[in-house]
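Undergrad: One structure is given below, represented as structure tokens, and several questions about it will come after.
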Amino acid sequence: PNLVIVDFLPNAISIGNGAFVNCSALITVNLPKVTSIGWHAFKNCSSLTTIDTSNLMEISNAAFDGCSNLTSIILRNTEQVCTVKKTNSWDNTVIYNGTGYIYVPDELVEQYKAATYWSNCSDKIKPLSEYVESEAQL
């Protein structure tokens, strides 16, 4: 539970089911090559604020459920829309309940909004260029 930062090695391509459940101190996660995130992988990581990925292709059920401070999921993969297994992947997060957002490549915004299990949060999907702009203003 005291884990604060996780930097995945360049060759790590998946995060298993329940890998970081209840790591309430976890704040930062860097996922350079990860392509899949398992069921409940980050469940109840209440300090986690941002997930930034480059190659993510699949998010399993309730992967971020209970990440009450998760305000940004950044999906940089321009090759395809990331598959989501169910609509509950980010239940009990700021994204689902409030003002958080999911940032995707500009050219894929409409595809994400129309994709299965993404449509329930289509109002939370924003172009990646808006995230960059908001960071520049800080």
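The values are calculated or read from the model by the stated rules, or taken from the named source; none is laboratory data. Computed from a predicted structure; not experimentally measured. In this analysis, Cβ positions are derived from the backbone assuming ideal geometry, glycine residues included, and neighbour counts consider all displayed protein chains. The protein model used for the area step is the full one, side chains on, heavy atoms only, and it has no ligands, DNA or RNA in it. Shrake-Rupley method; radii C 1.70, N 1.55, O 1.52, S 1.80 Å.
Undergrad: For segment 12-53, how many residues are under 23 Å from residue 78 (Cα atoms) and charged (D, E, K, R)?
TA: Total satisfying the criteria: 2.
Undergrad: Please state which one of 56, 48, 70 is assigned to a loop (DSSP other than H, G, I, E, B) and closer than 18 Å to residue 116 by Cα.
TA: On the way: 48 fails: closer than 18 Å to residue 116 by Cα; 70 fails: closer than 18 Å to residue 116 by Cα.
Exactly one residue qualifies, and that residue is 56.
Undergrad: Is it true that some residue in segment 65-81 is modelled with pLDDT under 90, buried (at least 18 other Cβ atoms within 10 Å of the Cβ) and either in contact with a strand residue (DSSP E or B) (Cβ under 8 Å, 6 or more places away or on another chain) or within 17 Å of residue 24 (Cα to Cα) (or both)? Working first, answer last.
TA: Taking segment 65-81 as the starting set, the residues that turn out to be modelled with pLDDT under 90 are none.
Scanning segment 65-81, I find no residue that is modelled with pLDDT under 90, buried (at least 18 other Cβ atoms within 10 Å of the Cβ) and either in contact with a strand residue (DSSP E or B) (Cβ under 8 Å, 6 or more places away or on another chain) or within 17 Å of residue 24 (Cα to Cα) (or both), so the answer is no.
Undergrad: Restricting to segment 83-138, name every residue that is open to solvent by 90 Å² or more (accessible area, probe 1.4 Å), at pLDDT below 90 and assigned to a helix (DSSP H, G or I).
TA: Across segment 83-138, the qualifying residues are 96, 97, 133.
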